[in-house]
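The values are calculated or read from the model by the stated rules, or taken from the named source; none is laboratory data. Quick caveat: nothing in here was measured; it's all calculated off a predicted structure. Reconstructed Cβ throughout: ideal geometry from the backbone, glycine too, with neighbour counts over all protein chains shown.
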Amino acid sequence: VVAQGGALALVVVIAGASPLRLFSVSTTKGHEQHAVLFSKWNSFSRIGVYDQPYGAWSLSDRYTGPLPDTRLMDIDSAAGTQILRFHGNLGEVSYLQYELTALGYRLYGTPGARPATPFSALVIGTGGGRDLLSALVFGASWIDGVEINPIIVNDVMRGRFKAYSGGVYDDPAVHVHVEDGRSFVRRSPRRYDVIQASLVDTWAATAAGAYTLTENSLYTVESFGDYLDHLTDRGVLSISRWVFDGLRLISLAQEACARRGLDAAGHLAIFQHEGVATFLLKKTPFTAEERARLEQAAHDLHFTILYLPGRPPDRLGDARDDYARLILAPDRHAFYAQYAFDVSPTTDDRPFFFHTTRLRNHAFVAAVLGLFGRHVERPSNPGAWATGGLTALIVLLVTSFVLVALFVIGPLALTARRALAPGWLTWLGYFACLGAAFMLIEVALLQRFVLLLGHPVYSLTVTLLSLLLGTGLGSLSSRRLLETRARRAAIVACLAAAVVGVAWGSALPSIIHIAIGWPLPVRLLTAVALMLPAGMLMGIPLPAGVRILSDAHPQLIPWAWGINGALSVVGAILAVFIAMNWGFSVTLLCGALLYVAAAALTATFPARVIAAPAVH
């Protein structure tokens, strides 16, 4: 009765919390106000094209000429890109030379003229073809484009809107590949003069506003190292992002350069127009002639210079001045430590580029955004917003703890001790450890394999299928063993699972580093080969525990299932929280420690329930 009353109270609180915007629906996939010209789903996205103009991102105010007709294409009703009307004459899109995102091309080409030295470009995230056209306008002779979404390539740009876009994807100088950008760069034998990525994201959590929960392997120290390794000696990496993302990009460039014995201060140049900033990172230091060319272009196009080697930055009196402060800081680690937000470089082990809220501020951010909604004005401080995902995560964590307390802990506390078996706390602790440990390792691997497989959906499918199949096989293959040696099997399997968790934490980064450049089918098979054996080990402890418990204290089995399921829910949420703040390796280590704790609890079971009698 008490539990039911508590549950009813919780429902009332949640229902009455709608004005607090804790569970408001802000975006619904597939529901738009504009005329839909095309839409199609695949396993990981919905692509829509609309009869709606889409403005330029960072067009100089010095351009006063006409703009071509455009169509809006978006991914999951959130990430927009332009499809430009184009008939094959580059003069139609000459305005692109006035775009901030095309600034890097000015180092090697002049619009309307053949470059003195041919140059090549790699465009990551080709979308509606805008950046491909920018490279063509400046005279690139070879352009590789990478687009992860086959609908965009085959159904939109080479299908329904091929004529509208002038067949830019099939231009003789353009070579488009349907692939994850990071894995393409790793395995490409080419070196490029320009590698460009303009506002490219992994948008898996965008519709929920959960940028912070999204792993993005394009923006890590290791990815920046890959980019630098695939530039020519004169090459430049051009990344355009919103201004408030800037400091983390700088820290990535600094760390990638430091690992190669370079000082990023001579290799970086940063320019801004309106809400967009373009970061240029050269493989070699900018020459005096290159610096002069960029400075003149910024002056002519009214772009703000946030940093250029050998020149005092424009002082703006706000957080954008921190760009130059960080680049020129004598101790960048001290700058990271004292800055209000976490702008330290993200890595493949902790690839949450948008997660900039420090751990000590989590509760405050969740409370403020939970009470007043996440539709707040974006501050000028880099990285100070996009915390809606963090709020959702903390609300989920708190809610799961409350529900576990109401429906598991509460009823247990009210149950007469004589109705429970001796050592019941040890037994339930064992099943609790198994539930949390399994999910910590599963979620960490699911997120870790996003980098290997190139998209969260691939990782989810392969990880769950392989792991669940492995646990089923492990449980089935150990059936006869559990009849006579259940306790020993539980201890050995728990310790083996712990070893696997530790091994994965240390070895997986190297394995993924090697395998990321392999073709997708080979990477899928590699993931399966890694997951199946581990799943088999992790599939033994639970049936072993149930086997022993069914012979010793069968009245505890419902409680054991309940606590295992409850801690599985909590463990899944904790896994994301730990990974965001400390990385996947620490998440795997936590799962391994819980398996060790489960093995220790098994070893302390009372002697009379150590072994189950054989079943004939």
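When residue 589 is tested against (1) modelled with pLDDT under 95; (2) out of contact with any Phe, Trp or Tyr (no Cβ under 8 Å at 6 or more places or on another chain), only condition (1) is not met. I'm trying to understand the selection: among the residues of region 154-190, which are crowded, with 16+ Cβ neighbours inside 10 Å, modelled with pLDDT under 95, assigned to a helix (DSSP H, G or I) and of a type in the set (D, E, K, R)? Residues satisfying the conditions are 182, 186.
Is there a residue being crowded, with 18+ Cβ neighbours inside 10 Å and closer than 30 Å to residue 201 by Cα anywhere in region 467-486? Yes, that holds for at least one residue.
Scan 77, 43 and give me the residue that is on the phi > 0 side of the Ramachandran plot and at pLDDT below 90.
On the way: 43 fails: on the phi > 0 side of the Ramachandran plot.
Criteria check complete, one pass: 77.
Screening the candidates 464, 453, 460 for the property of being surrounded by 23 or more Cβ atoms within 10 Å (Cβ to Cβ), in the same structural domain as residue 603 (by TED's automatic domain parsing) and within 23 Å of residue 583 (Cα to Cα) yields one hit, 453. Filter region 280-293 down to residues that are more than 17 Å from residue 324 (Cα to Cα) and among the hydrophobic types (A, V, I, L, M, F, W, C), then give me how many there are. The qualifying residues number 2.
Checking the condition assigned by TED's automatic domain parsing to the domain that holds residue 241 and loosely packed, with under 13 Cβ neighbours inside 10 Å, which residue from 318, 314 passes?
Details: 314 fails: loosely packed, with under 13 Cβ neighbours inside 10 Å.
Matching residue, one of 318, 314: 318.
With respect to being under 22 Å from the mean Cα position of the chain (by Cα), of a type in the set (Ser, Thr, Tyr) and surrounded by fewer than 19 Cβ atoms within 10 Å (Cβ to Cβ), residue 550 falls outside the description.
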